[in-house]
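**Q** Here's a structure for you.
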Amino acid sequence: MSQRLRIVLVDDHAMVRAGVRAELGDEFDIVGEAADVDEAIRVITAAQPDVVLLDVHLPGGDARAVLDACLPQVPATRFLALSVSDAPEDVVATVRGGARGYVTKAIDGPDLREAVRRIADGDAVFSPRLAGFVLDAFSGGPAEKDDEIDRLSPREQEVMRLIARGYTYREVASELVLSIKTVETHVSAVLRKLQLSDRRELAKWAAGRRIV
Amino acid sequence: MSTTIPAPRAARPVTGRWVAGVAAGLARHLRLPLWLVRVAFVALAFAGGIGIVLYAAFWAVLPLDAPGDEADVAAARSSDTARLLALAAVVVGIGLLLTALGVEIVSGAVIPLIVAVFGAALIWRQTDDEQRDTWSRAAGRAARHTAGTAASAGRWRLATGIGLVVLALVALVASRTSPAEALQGLALALLLVGGVALVGFPWLYRAWRDASEQRRALIRSEERAEIAAHVHDSVLQTLTLIQRFASDPAEVTRLARTEERQLRSWLYAPTGDPDRTLAAALERDAATIEADYGASIDVVTVGDAALDARLGALVAAAREAMVNAAKHGGGSVSLYAEFLADSAEVFVRDRGGGFDLDAVPDDRLGIRESIVGRMERNGGTATVRSAGGQGTEVHLRMPRRVQEAT
C-alpha cells in the first residue's frame, strides 16, 4: 500500500473504539475519534479522513445525522457503518443515508481491515446479513414502477446469495468464474440500487426505523 | 399513610361524634366548622325531613374511619353493600307505610329528592374512593390487586349512584300531574343535579388527573423495573460467570455469544415462534448449538414459511449440519436460509478443513442418515461439497408442493 489510509472512529463507547483500534492494527492512521454526533461532524470535517467507521446508534442522533451533515462537506470520505444492531431498518436507513457498507462489530480483524481497504477503494462492503436484507427487500413481489433500479439482475442476485451464504468476494468470484473486480462492480451496483430505489419494502424499513 | 393525603377523606370518625359521626366526618372533609354542619342537618330535618334522610344516606355510604389495618377497612367495605341495601329497604318501607297511613310527613315532592341525594352521595363517596385507591396504588405494587377489585366494585357503586339520580329525575317529573308543576319539578331536579355537578366537577377532574399521572408514573417505573430485572438476570449474571471463567477463553466466548444472542432477541423482538415458523426454528437451533459447541453461527434468512412436516425435516437436517459444522468447522459457521416460491433452501457452511462424505464410515450415522437420508425421505435433496476452495458447505433443498402453498 503506497499511502497509509487515514481513519476516523465514531462510537460512543471508548471500549469499542479501543477494540476497533486494536483490530485495525498499525496498517492505518487513526486521525480522530468521536463519541457523539456533534463531535463526529466536527472531527470528520476537520480531519477529512479517507474512511470513517461509524456506529449506527449515537448520542444526539444516529449515523444518518452524521452522514447528512458530513457528506456534502467531505465528498471524498467514505463511510462504513459498524454496529451491533441487527434490526433491518437500522441497516437499511444507514446505507440509504450514504454509508458504503455495513459490518457488525463481531467482524474479525483481517475481515475488518479488508473491508476498510475495500471501502477506501470506492467499493461496497456487504456483510452476509446486509446481503440477506437486500434479497429480502428486492424479492418481495414486483416493484410499483418496474424500473431497473427496483430490481436485481440475475447476476446481482447470485452474488448477493453467495455473500449471504458467507462467501468472501474472492470466493464469490471463483464460484461464479468472474474476476474480483466484476464481483465488486456487481456489489456496487446493488449498493446504488439500495440507496436509490424506492421499493416499498425499503421505504417501509427506512420510515419504520426506531431509535434504541 | 394518612399523612400523605392532602384532604381528609370523607369518613365517619369513631371519636368526637354525637350520633354516627356523619356531621363530624363531613365537617372535617369539607373543612367547615362542625357546628355549622350540625345546624344544617337539624335545619334540613325540619324541611320535610330531608335532613334526617340525608343523615341516614351519609351514614350508609360514608366508611367508618377505622384506625385498623387494611384488613379491617376491607371488611368494613365489604359490609357496605349490605348496609346500604338494608337502609334503602328501611327508607322505602317507612315511606310506603307513611303514605299508606295517609300521613304526609314526607311529601311526594321530597321522595325523588331523597333518591337524588342518595345517588349523589354515592357518587361522591365513589370519587373519594378512587382517589384513595390511586394513592394506595402509588404507595406499593402489592396493593394493586386489591385496588383492582375495589375499582370494579366502585364502578358498580358509581353506576348505582348515577342510576338513582336519573330515577329521581324521572320520578320527580312523573309525580307531577300538571305541566306547570312537572316543569317546576324538572327545574328543581336540574338545579339539584347541576349543584351536585358543580360541587363534584373540580373534584372529579382532580381525581382523574391524579389518576392518569399516577398511571404514567407507574408505567414508567414498571418499565424501569422490567429492564433492571432483565439486565440483572441476564447481563449481570453472565458478567459474573465470565469473571469466574476468565482463564478459559472458549468458555468466555461461549458465554458472551449466548448472552449477545439473548439480549439481541430481547431488544429487537424475535423473528417469531420457533415452533411455528422456519426462520425462528433455525435461529433457535443455531443459538442452542452455539451454546453447546462454542461455535459462532451467523444466521441469515430471507423470507419465511409456516412449519409443516417437510419443513420440520429440513430444520432437523439443518440442525445436524450445524452441529457437524460447529464440531469440525473451526468455530465460524454461516447459515443462509431462503424460502422461495417453489422451494426452501438452507446452506450451512464452515471454514474448516472439510471432509469427504464417501470417506465417512458407515457407522457414523450423523451425516449420511440424519442429513442426507432425512432429506431424501421427505422428498428433498442434500449435497455436501467443498465450498469456494475452502471449508465445507451443506446444501439442503426441500421443494414446496403447490397444494401446500395454500
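Rule-based calculations on the coordinates, nothing more; no lab input. None of the values given here were measured: they were computed from a predicted structure. Positions of Cβ are backbone-derived with ideal geometry, glycine not excepted, and every protein chain shown enters the neighbour counts.
**Q** From the residues in segment A:78-106 that are touching a residue at least 60 places away in the same chain (Cβ under 8 Å) and in a loop (DSSP other than H, G, I, E, B), which one is nearest to the other protein chains (Cβ to nearest Cβ)?
**A** For segment A:78-106, the residue satisfying everything is A:Ala87.
**Q** Right, something else. Mind checking which residues of segment A:176-188 are crowded, with 18+ Cβ neighbours inside 10 Å and free of Cβ contacts under 8 Å to residues at least 40 places away in the same chain?
**A** Of everything in segment A:176-188, those that are crowded, with 18+ Cβ neighbours inside 10 Å and free of Cβ contacts under 8 Å to residues at least 40 places away in the same chain turn out to be A:Leu178, A:Val183, A:His186.
**Q** For segment A:170-189, name all the residues that are under 19 Å from the mean Cα position of the chain (by Cα), of a type in the set (A, V, I, L, M, F, W, C) and within 14 Å of chain B (Cβ to nearest Cβ).
**A** Listed by number, the residues that qualify are A:Val172, A:Ile180, A:Val183.
**Q** Step by step: first the residues of segment B:286-315, then only those that are in a loop (DSSP other than H, G, I, E, B) and away from chain A (no Cβ under 14 Å), then the one that is farthest from B:Thr258 (Cα to Cα). Which residue is that?
**A** If we take residues in segment B:286-315 being in a loop (DSSP other than H, G, I, E, B) and away from chain A (no Cβ under 14 Å), then B:Asp308 is farthest from B:Thr258 (Cα to Cα).
**Q** Let me ask something additional. Select from segment A:160-169 the residues that are assigned to a loop (DSSP other than H, G, I, E, B) and either more than 9 Å from every other protein chain (Cβ to nearest Cβ) or hydroxyl-bearing (Ser, Thr, Tyr) (or both) and list them in ascending order. Write out each step before concluding.
**A** Narrowing segment A:160-169 to residues assigned to a loop (DSSP other than H, G, I, E, B): A:165-168.
Residues satisfying the conditions are A:Tyr167, A:Thr168.
**Q** Among the candidates B:Leu263, B:Leu239, single out the residue that is surrounded by fewer than 21 Cβ atoms within 10 Å (Cβ to Cβ), within 13 Å of another protein chain (Cβ to nearest Cβ) and free of Cβ contacts under 8 Å to residues at least 40 places away in the same chain.
**A** Answer to the selection: B:Leu263.
**Q** While we're looking at this one, here's another question. Is one or more of the residues making up segment A:127-140 out of contact with any Gly (no Cβ under 7 Å at 6 or more places or on another chain), part of a loop (DSSP other than H, G, I, E, B), within 11 Å of another protein chain (Cβ to nearest Cβ) and surrounded by fewer than 16 Cβ atoms within 10 Å (Cβ to Cβ)?
**A** Yes, segment A:127-140 contains at least one residue that is out of contact with any Gly (no Cβ under 7 Å at 6 or more places or on another chain), part of a loop (DSSP other than H, G, I, E, B), within 11 Å of another protein chain (Cβ to nearest Cβ) and surrounded by fewer than 16 Cβ atoms within 10 Å (Cβ to Cβ).
Every residue, every condition in (1) out of contact with any helix residue (DSSP H, G or I) (no Cβ under 6 Å at 6 or more places or on another chain); (2) free of Cβ contacts under 8 Å to residues at least 60 places away in the same chain; (3) not aliphatic (A, V, I, L, M), yes or no:
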| site | (1), (2), (3) |
| --- | --- |
| B:Asp248 | yes, yes, yes |
| B:Thr253 | yes, yes, yes |
| B:Thr258 | no, yes, yes |
| B:Leu267 | yes, yes, no |
| B:Arg276 | yes, yes, yes |
| B:Ile289 | no, yes, no |
| B:Asp350 | no, yes, yes |
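**Q** Considering B:Ser221, B:Ser265, which residue is under 30 Å from B:Glu283 (Cα atoms), assigned to a helix (DSSP H, G or I), among the hydroxyl-bearing types (Ser, Thr, Tyr) and under 29 Å from the mean Cα position of the chain (by Cα)?
**A** When all the criteria are applied, what remains is B:Ser265.
**Q** Can you tell me which residues in segment A:154-175 are touching a His at 6+ places or on another chain (Cβ under 8 Å) and surrounded by fewer than 16 Cβ atoms within 10 Å (Cβ to Cβ)? Working first, answer last.
**A** We begin by selecting, within segment A:154-175, every residue touching a His at 6+ places or on another chain (Cβ under 8 Å); these are A:155-156, A:159.
The answer is A:Arg155, and nothing else.
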